[in-house]
Amino acid sequence: MGLTAIECPDGVCHSHHGGHAVDRATMKRNLQVHGKEWCERLAERIYEMSVDTFSQTVMPSLHSSGWQRRHLNWEFKLDKEQSEPDETLVEGIINATESFLRSSEVHRLFIQELVQGTFAEATEDNLRATAVRKLVEDNLLIILQNQKEELISKITKELLEGTNSSKELAHNAASEGLDEVQRLLMNHTEAMC
């Protein structure tokens, strides 16, 4: 399972890195009483508080000469050569990181994955995870592999429509896109098990 707020080895649920010990049946009942909506609201609020705290405390240190910025300068030797492109890149990555954390899509995906993972961990329902693994490994990946050239050709043609890209660039993009889809499917399967 990818994200979960609890870990339940041997039928005893603990908070993610230890702490309280609650038997699985009690945790399952408690989650059912509260429901997914309540759990989502709780996770959303904690996420929002975490991002706000990060933005108010860590981001200023990264932009100023705090220890985090000094560590970046040391690790990437940014202070050896006062380079405008390097500084621009550092500032851009810091700002993109904050934008990423504040992204509503990242927020939504995090909450969805966390709540689903938590409920799945509490219920110990391995059947769904096994079904997904079998579907991906025994079917989808094989179909993608068997139809790889056809799919790449089809996507290449679609990419070339309405653009002035070269056939080689479109073919490479289609091939890389298919590889990425295969990696995403495998990553999702591994995260569920």
Within-13-Å neighbourhood charge of residue 99 [Cβ basis; K, R +1; D, E -1]: -2
Relative packing of 23-32, 67-76, which averages over residues the other C-beta atoms within 10 Å, highest first: 23-32, 67-76
Mean separation of Cα contacts under 8 Å (6+ apart) over length of the chain, as relative contact order %: 29 percent
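Run the accessible area of the chain with a 1.4 Å probe and give the carbon-and-sulfur part as a rounded percent.
Carbon with sulfur: 57 percent of the solvent-accessible area.
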Using alpha carbons only: equivalent-ellipsoid semi-axes of the chain, gyration tensor based, whole Å: 36, 33, 15
Net dipole in debye of the range 1-50 [+1 Lys, Arg Cβ; -1 Asp, Glu Cβ; about Cα centre; nearest 20]: 160 debye
Cα-centred dipole magnitude for the chain, charges only on beta-carbon of K, R (+1) and D, E (-1), debye, nearest 20: 500 debye
Average accessible surface area per residue within the chain, 1.4 Å rolling probe, Å²: 69 Å²
Charge context of residue 148, other residues only, Cβ under 12 angstrom, K/R +1, D/E -1: -2
Approximate spin-label separation residue 181-residue 45, in nm, with each point projected 7 Å along Cα-to-Cβ: 4.2 nm
Pairs of Lys in the chain closer than 30 Å at Cα, counting only those 8 or more apart or on different chains: 9
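Under 14 Å from the Cβ of residue 13, count the other residues' Cβ atoms, weight Lys and Arg +1, Asp and Glu -1, and hand me the total. Can you show the working numbers first?
Details: positive: 24, 28, 29; negative: 7, 10, 23, 121, 124.
Within the 14 Å Cβ shell, the charges total -2.
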For the range 25-129, alpha-carbon Rg relative to the globular expectation (2.2 N^0.38 Å, N residues): 1.53
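The values are calculated or read from the model by the stated rules, or taken from the named source; none is laboratory data. Keep in mind that this is a model prediction, so the values were computed, not measured. Neighbour counts run over all protein chains shown; Cβ positions are idealised from the backbone, glycine included. Areas reflect the complete protein model, heavy atoms only, side chains present, ligands, DNA and RNA absent. Shrake-Rupley method; radii C 1.70, N 1.55, O 1.52, S 1.80 Å.
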